[in-house]
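Read through the structure below, which is laid out as structure tokens, and then see the notes.
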Amino acid sequence: MGSEYGNTAETKPQIDLGPVTIWWAVWACVWTSALVAGMAYLIVHRNMPTLRIRGLALSLTSIVVLHLYWVPTQFGTMLGPVLPGDCGYWLMGTLLPCGMALFHGSNTRFQHVAKQQRKFALDGHRLVESTPMEQKDGLLNRFKQLRYTTKILIYVAIAMFAQVFLTILMWLISRKYHDSWGIPGTEVTGTPAERLAKQGAGWEWWPGVVSQFFWSWIVAPIVLWKSRKIHDTHGWRVQTIGCAVSSLHATPMWLIGLYVPAMAPVNAVWVPPQWICLSIMIIEIFTVFLPCWEVMRHQSLRQETLESIARWEQKVKSTGSEAKSVNSDATVVASLMSGWKSNSSSSTINSRDSILTMGALEHVLERNPAPLQEFSALREFSGENIVFLTSVAEWRAHLPAAMKDPAARTDKKNRDVIRQHFNRALHIYAEFISTRQAEFPVNISHQDLRKLEEVFEKPTRLLYGEERECDPTSPFDKFTFDLPSPASTDSEKTMQASMAGDIKDRVQYWGDIPEEFNATVFDAAEASIKYLVLTNTWPKFIKDRRTSVDSFEALKLEV
């Protein structure tokens, strides 16, 4: 039987500086340097859409904890003979399971965000949510009412505490690592080398083994099953599948390396815990380096889009056909949405440049935003952007003349009309902009956000009540409207459907309307989100539509 770091009864208590051990030491330094560079790259570009939605804080923390287990293991063949007998035990009993718990806790974000974004794919409307229930006493009821992220962190904390507690308990009751206390008969005897070899395995390690099987063979398959129908453009699904599959071999191969005598030659150059380290490396590739590649790909696509827009604008200016370009945009968009495909290479280039313009995007938002909205919600996880743009456009389309004339605003006859449109704007702010209230706040500049907060934040607090401060980069938790609770649960169930339909019309703000409120209050935020959609979601949507058209054409040819 082997041991954690390949020690045997014949192992000499000295540092091994052979070619194999030096190779693993150099490899540990090189890989760690690359990993740190990748993590730094992600942190620098943390405001990119593909990273904002991932929630880097928890995922990178889990990678750091896992890597703290990975690094000492790479030096195992070199330092194993001189390390304390319980060194590997503590590493596997604390750092490894805690890192896995944090990683899988952060990975559940994928399914949660995908589920919450589905409501934006329903023709621009949110799914019907239950009205606030009467607060119930009891620890269990309070736990059910917690935010999703809070629940996940509690689950992870419980798992980590249980694992560390069992690790400490096993160390205390076994005399394998100390002779002065513990259960009689659990001590090990022999030469120092024999004792060191026996300390590298045994029943004391089974809490860590069970933990690894739990995360790799129970949690990971469940995550795989739940993500089977999710197809995003961020590489998040690929990352989830890769990380889940990469852990399946780790614990079985670790056990084989420890308990199968025929693995002794392998253990001399590849110690048993390095099978676990192999899965950690794959997790690091999918969690750090794949998002780095996604950021680079996004930047390349964004630059290509800007160059296409520049070429089209230059062509329009050179030909002096600004008016004609509007009709061209509409024609190309209609052709793409209907599945028409040009056979001319020159017209394909021109249509590609034309369809990537702001005019083409605005045409779709005005005429038929549903396909783009469905794509952004189900594939991009940014459905709030399209719903925000369409909501603002609808609000602006119904503005009365009094909103556009400062003098008319002071007329008492127009106060009710202005208040009505202020309340509609207030709901748009609360649903899509407020960092305290919005489920998925749109990504606008700090300056634009502060201007809108000066207009709407105080009325929002009065209308909706005090809510938690939301991190715009981690828009996880849902909100509900602050409505009076019905007299009974039965009456609430009966009224639920009607309440969800007209909730925005019944909940009104009756205080003073800020002077800064006018018809252009959303202009800056709208322009910012339009540009974000144009350079991020729109080119991916066009590429996806063209791919679908190409696939359809190929299918017709085969038939």
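Its Cα gyration tensor gives the range 72-112 an equivalent ellipsoid. The semi-axes, each the square root of 5 times an eigenvalue, are 31, 10, 4 Å from largest down. Between beta-carbons, use under 11 Å as the cut-off and find the net charge around LYS530, counting Lys and Arg +1, Asp and Glu -1. Taking every Cβ under 11 Å from that of LYS530, the sum is -3.
Which FRET efficiency, nearest 0.05, do TRP27 and ALA268 yield, Cβ-Cβ r, R0 22 Å?
Working: r = 17 Å, r/R0 = 0.76.
Once rounded, the FRET efficiency stands at 0.85.
Rounded to the nearest 0.05, the FRET efficiency derived from the C-beta distance between THR319 and ALA37 at R0 = 41 Å is 0.30.
Among rounded, prolate and oblate, which fits the range 1-105 when a ≥ b ≥ c are the square roots of the eigenvalues of its C-alpha gyration tensor, a/c under 1.5 means rounded, and a/b larger than b/c means prolate? Judged from the Cα gyration tensor, the range 1-105 comes out oblate (a/c at least 1.5, b/c at or above a/b). If R0 equals 45 Å, the separation of the Cβ atoms of LYS115 and TRP90 corresponds to a calculated FRET efficiency of about 0.75. Between LYS458 and ASP512, what is the spin-label point distance in nm, taking each point 7 Å from the Cα along the Cα→C-beta axis? According to this spin-label approximation, the distance is 0.7 nm. Each label was represented as a point 7 Å from its Cα along the Cα-to-Cβ direction; for ALA310 and HIS231 these points are 3.4 nm apart.
Spin-label model, ASP179/PHE213: points 7 Å from Cα along the beta carbon direction are separated by 3.4 nm.
None of the figures in this text is laboratory data; all of them are computed from the coordinates on show. Because the structure is predicted, anything quoted here is derived from the model rather than measured. Backbone-built Cβ (ideal geometry, glycine too); neighbour counts: all protein chains shown.
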